[in-house]
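Some notes on the structure that comes next.
The values are calculated or read from the model by the stated rules, or taken from the named source; none is laboratory data. What you see is a predicted model, and the numbers here were worked out from it, not measured in a lab. Cβ placement follows ideal geometry from the backbone for every residue including glycine, while neighbour counts extend to all protein chains displayed. For the accessible areas, the whole protein counts, side chains as well, though only heavy atoms, and no ligand, DNA or RNA atoms are used. Shrake-Rupley method; radii C 1.70, N 1.55, O 1.52, S 1.80 Å.
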Amino acid sequence: RAVGGDWRTARVSDPLGRPVEARWLQLPDGTAVVESAAAAGLPLLAPDERDPLRASSRGVGELLAAVLADGPAAVLVGVGGVATVDGGDGLAELVGPWPAGVPLRVLCDVRNPLLGSRGAARVFGPQKGARPEAVEQLERRLAARADLAPYRDLPGAGAAGGLGAARAARGGELVRGAETILDRIAFDELARGADLVVTGEGTADATTLEGKAPGAVRGRCERL
């Protein structure tokens, strides 16, 4: 509704390999907007199915392959809300080096590195159903990935269970997701004429002001 475009769909795998219909948005300027959670989202699983040791990002790769087959001018990929902590291992089975001439921007709402106390496994693994022993196993798996090693400390590398690092390793530019969206919808112009701006999220906590949409909205309003 905010920027126009057409919805398109592809049949892909959910985190446990079951078929699911995922959609992406084709904008009027030829940019494709893809949400990783459409294929690998946590809401696609029942609470008792959540197991990041088994969950795969393969469906995200299938979705991106379908998007590339449409010949987009550029691709924006949101990496949040997924059930996986596989460092994009499943995705890499379908999408290798990113094609030259198609800019890829990866929208991250968190700035977490890949490994360590603030990394993908230890911060986000428990949210996806990992018990303490599984968290450490996931950490070891990510640490063993030679292809991700050069990007492990990049802000946003730990987003979406390591999908941030996986996309950076294949030519993607990691950018602040909320700020990018606010620019796309010309938020500053909309807010400049407003007396009150209301925003929020499911749970406000310490991470709200670390790059998530409500914090970005507040920051923009303070600067207007």
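Could you count how many residues in segment 36-79 are over 26 Å from Ala134 (Cα atoms) and not aliphatic (A, V, I, L, M)? Step through it out loud before you land on a result.
So in segment 36-79, the residues over 26 Å from Ala134 (Cα atoms) come out as 62-77.
Then drop every residue that is not not aliphatic (A, V, I, L, M), which leaves 62, 70-72.
The qualifying residues number 4.
Look at Leu114 and say whether it is surrounded by 23 or more Cβ atoms within 10 Å (Cβ to Cβ) and either in contact with a strand residue (DSSP E or B) (Cβ under 7 Å, 6 or more places away or on another chain) or at pLDDT 95 or above (or both). Judged against the criteria, Leu114 is a match. Going through segment 192-214 one residue at a time, which ones are part of a helix (DSSP H, G or I) and either modelled with pLDDT of 80 or more or exposed (fewer than 10 other Cβ atoms within 10 Å of the Cβ) (or both)? Across segment 192-214, the qualifying residues are Arg192, Ala206, Thr208, Leu209, Ala213, Pro214. The condition of being assigned to a loop (DSSP other than H, G, I, E, B) and open to solvent by less than 30 Å² (accessible area, probe 1.4 Å) holds for only one of Pro99, Pro15, Pro28, that being Pro15.
Show the residue pairs that are 6+ apart or on different chains and have beta-carbon atoms under 6 Å apart, the first residue being within segment 50-66 and in contact (Cβ under 8 Å) with a residue 12 or more places away in the chain and over 18 Å from Gly81 (Cβ atoms), the second being small (Gly, Ala, Ser) and outside any helix (DSSP H, G or I). If the second residue must be small (Gly, Ala, Ser) and outside any helix (DSSP H, G or I), the pairs left are Ala66/Ala10.
Of the residues Ala22, Ala46, which is farther than 18 Å from Gly161 by Cα, open to solvent by less than 30 Å² (accessible area, probe 1.4 Å) and either of a type in the set (Lys, Arg) or without any contact (Cβ under 8 Å) to a residue 60 or more places away in the chain (or both)?
Ala22
With respect to (1) open to solvent by less than 40 Å² (accessible area, probe 1.4 Å); (2) under 24 Å from Gly171 (Cα atoms); (3) modelled with pLDDT of 95 or more, the lone exception for Arg141 is condition (1). Gly78: buried (at least 18 other Cβ atoms within 10 Å of the Cβ) and touching a Lys or Arg at 6+ places or on another chain (Cβ under 7 Å), yes or no? It is false that Gly78 is buried (at least 18 other Cβ atoms within 10 Å of the Cβ) and touching a Lys or Arg at 6+ places or on another chain (Cβ under 7 Å). Restricting Asp153, Asp188 to residues that are open to solvent by less than 70 Å² (accessible area, probe 1.4 Å), over 22 Å from Pro43 (Cβ atoms) and modelled with pLDDT of 95 or more narrows the list to Asp188. When the residues of segment 117-138 are filtered to those that are among the charged types (D, E, K, R) and open to solvent by 20 Å² or more (accessible area, probe 1.4 Å), the one that is farthest from Ala32 (Cα to Cα) is Glu133.
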